[in-house]
Amino acid sequence: MTPRRSRYPSKAPKDPGKVIFRLDQLLEQLDIRQIRVSEASGLDKTTVSRIARQSLKQLDFETLARLCYALNITDMNQLFQYFPPAGYEPPLIPHGDTDQFLNTDLTPGTDAGESGL
């Protein structure tokens, strides 16, 4: 059986850029050791180390939630930094138009947050 092809050809570039997890910088800034993050989050110390060293290929939402809980993080900009590829032009949202979205309260129980995001 051959895989189904999308009716909509992908316009995504081969190089989408790079997302850097800033855990090592944050821990250094806060003077917190990885073992303390492991204990407070319930994550294995190897997992915390791999995140800090940028050697983890995937990260699930539960792991993110545990890190946020342990470090009292409510803004993902504290944890991530995105580096777009050379010549990057956003395909969906022009620069500056994200402000409206970023200022929307998505807390469950609010009008915008009813979807449970």
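For the range 61-75, the set of residues classified as of a type outside the set (Val, Ile, Thr) and more than 12 Å from VAL48 (Cα to Cα) consists of PHE61, GLU62, ALA65, CYS68, TYR69, LEU71, ASN72, ASP75, listed by residue number. Report yes if some residue within the range 23-38 is of a type in the set (D, E, K, R), within 30 Å of GLY87 (Cβ to Cβ) and at pLDDT below 85; otherwise report no. No, the range 23-38 contains no residue that is of a type in the set (D, E, K, R), within 30 Å of GLY87 (Cβ to Cβ) and at pLDDT below 85.
For the range 55-76, the criterion of being buried (at least 18 other Cβ atoms within 10 Å of the Cβ) and among the basic types (Lys, Arg) is met by at least one residue. Checking the conditions here, which among GLN25, GLN81, GLN58, GLN54 is in a helix (DSSP H, G or I) and either out of contact with any helix residue (DSSP H, G or I) (no Cβ under 8 Å at 6 or more places or on another chain) or farther than 28 Å from ASP105 by Cα (or both)? That would be GLN25, the only listed residue that is in a helix (DSSP H, G or I) and either out of contact with any helix residue (DSSP H, G or I) (no Cβ under 8 Å at 6 or more places or on another chain) or farther than 28 Å from ASP105 by Cα (or both). Looking at the structure I just gave you, is LYS57 of a type in the set (Lys, Arg) and closer than 24 Å to PRO13 by Cα? Considered against the rule, which asks whether it is of a type in the set (Lys, Arg) and closer than 24 Å to PRO13 by Cα, LYS57 comes out as yes.
Of the residues ARG53, ARG33, only one is charged (D, E, K, R) and free of Cβ contacts under 8 Å to residues at least 12 places away in the same chain; which?
ARG33
The values are calculated or read from the model by the stated rules, or taken from the named source; none is laboratory data. Note that this is a predicted model, so its numbers are computed, not measured. Ideal geometry is used to build each Cβ from the backbone, glycine not excepted, and the neighbour counts take in all protein chains shown.
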